[in-house]
Protein chains: 2
Amino acid sequence: MLNRVIFYTLERTIKRYRQFAQNNIDRAGVDITIDQWLVLNVIQESPTLGQQEIGERVFKDQASIARIINLLVKKELLIQSASQQDRRRVDRQITPKGEQLIEAVSPIIAQNRQTALDGLSEETIEQLRQALLLIDGNCQ
Amino acid sequence: MLNRVIFYTLERTIKRYRQFAQNNIDRAGVDITIDQWLVLNVIQESPTLGQQEIGERVFKDQASIARIINLLVKKELLIQSASQQDRRRVDRQITPKGEQLIEAVSPIIAQNRQTALDGLSEETIEQLRQALLLIDGNCQ
DNA sequence: GACTGTTCAATGATATGTCATATAATTTTA
DNA sequence: TAAAATTATATGACATATCATTGAACAGTC
């Protein structure tokens, strides 16, 4: 009965994909979580964003971003320093180690996505997206 | 750019729905989380299941179920006692307070689902399900 | 009946999610 | 310019997710 509720299918699919993706990263011997990688990636592309804005890009809240950034710093993938212009803010810079890690993981993520979408046409994916956006809009 | 990745849309949609659903429960003045309600519901329908089996029904692992059950007991929605037949197992019974809560929340959940799916035809939902199941299968 | 392997539940450690609040710095307003 | 409102980050408290381990109880085998 629960199986017929589309939201269960949604939950299950996203959990399955996350586990699949994380497993492939672990198997490659890289010590990072998907979420950490996502945040690191956003910082690389947009180093001036604040925690709130980073969060908006990856659908996480500010507190989660703060903690993930802390871990990235601990792992020496990221360096932070107080901004000179606005001392509430923080300047961030990916370390060489961080750059290497992004390079190492990117193809794995790309492969994950491709494998997960095997057999789905562009059109099907677009329909999927539209359906999800509709649900998303209904919940606002 | 991230917006074009279907898995972001998936993440965002499921998070939005969860927040929407939880808000409506909170607004009704009921002190329970969606996850706790789901587990309570499964126990009501199938009181003899073990933690592992409960987890399979709601896509959670055994450790999560153990902790959620603990909270349900603390909230006096559930009573546990050692099973006589197999003393590793636990007999569970929903309390009257738990029954009342399930009754109170069920229509809210139903309404949530209906609202979230507003404007999606049966056919669209079925296509959505099929696409998700494909992805799910690809990740196994 | 003792040994071995399996099952069930509990829990430690760590990461993330959510809400609320704290603190410091900046901007706006009076 | 002093006070008030806003902003950026950090963090406390609690719930959930995941992995690993422990301990107790059971099942099968000899």
Being within 9 Å of DNA strand D (Cβ to nearest atom) and touching a residue at least 12 places away in the same chain (Cβ under 8 Å) is the filter here, so list the residues in segment B:35-63 that pass it.
B:ASP35, B:GLN36, B:TRP37, B:LEU38, B:VAL39, B:VAL58, B:LYS60
Can you name every residue in segment A:16-29 that is open to solvent by 70 Å² or more (accessible area, probe 1.4 Å) and within 14 Å of the chain's Cα centre (by Cα)?
A:ARG18, A:GLN19
Would you confirm, using the coordinates I've provided, whether A:LEU71 is within 12 Å of DNA strand C (Cβ to nearest atom), within 14 Å of chain B (Cβ to nearest Cβ) and at pLDDT 95 or above?
no
Does B:ILE32 count as over 27 Å from A:LEU10 (Cα atoms), among the β-branched types (Val, Ile, Thr) and in contact (Cβ under 8 Å) with a residue 24 or more places away in the chain?
no
Would it be correct to say that A:PRO96 is under 26 Å from A:THR13 (Cβ atoms) and either polar (S, T, N, Q) or away from every other protein chain (no Cβ under 14 Å) (or both)?
no
Test B:GLU56 against the stated conditions and say whether it is assigned to a loop (DSSP other than H, G, I, E, B) and either modelled with pLDDT of 95 or more or within 13 Å of chain A (Cβ to nearest Cβ) (or both).
no
Is it the case, given these coordinates, that A:LEU49 is closer than 21 Å to B:GLN140 by Cα, assigned to a loop (DSSP other than H, G, I, E, B) and among the aliphatic types (A, V, I, L, M)?
no
Among the numbered conditions (1) more than 10 Å from DNA strand D (Cβ to nearest atom); (2) open to solvent by 60 Å² or more (accessible area, probe 1.4 Å), tell me where A:LEU78 comes up short.
(2)
Going by the structure shown, is B:ALA66 away from DNA strand D (no atom under 11 Å from the Cβ) and either among the charged types (D, E, K, R) or more than 14 Å from every other protein chain (Cβ to nearest Cβ) (or both)?
no
Filtered residue count, segment A:89-140, keeping only those that are within 16 Å of B:THR124 (Cα to Cα) and surrounded by 15 or more Cβ atoms within 10 Å (Cβ to Cβ)
12
Looking at segment B:39-49, can you tell me whether even one residue there is open to solvent by 60 Å² or more (accessible area, probe 1.4 Å), within 12 Å of DNA strand C (Cβ to nearest atom) and at the interface with chain A (Cβ under 8 Å from one of its Cβ atoms)?
no
Where a residue in segment B:14-28 is at negative phi and at the interface with chain A (Cβ under 8 Å from one of its Cβ atoms) and its partner, wherever it lies, is more than 13 Å from DNA strand D (Cβ to nearest atom) and open to solvent by 40 Å² or more (accessible area, probe 1.4 Å), with Cβ under 6 Å and at least six apart:
B:LYS15/A:PHE59
What number of residues within segment B:118-140 are more than 26 Å from A:ASN112 (Cα to Cα) and more than 7 Å from chain A (Cβ to nearest Cβ)?
3
Verdict on B:VAL105 being part of a loop (DSSP other than H, G, I, E, B) and in contact with a Phe, Trp or Tyr (Cβ under 9 Å, 6 or more places away or on another chain):
no
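The values are calculated or read from the model by the stated rules, or taken from the named source; none is laboratory data. Quick caveat: nothing in here was measured; it's all calculated off a predicted structure. Because the Cβ atoms are built from the backbone with ideal geometry, glycine has one as well, and the counts that use them run over all protein chains shown. What goes into the accessible areas is simple: the full protein's heavy atoms, side chains included, and nothing from ligands, DNA or RNA. Shrake-Rupley method; radii C 1.70, N 1.55, O 1.52, S 1.80 Å.
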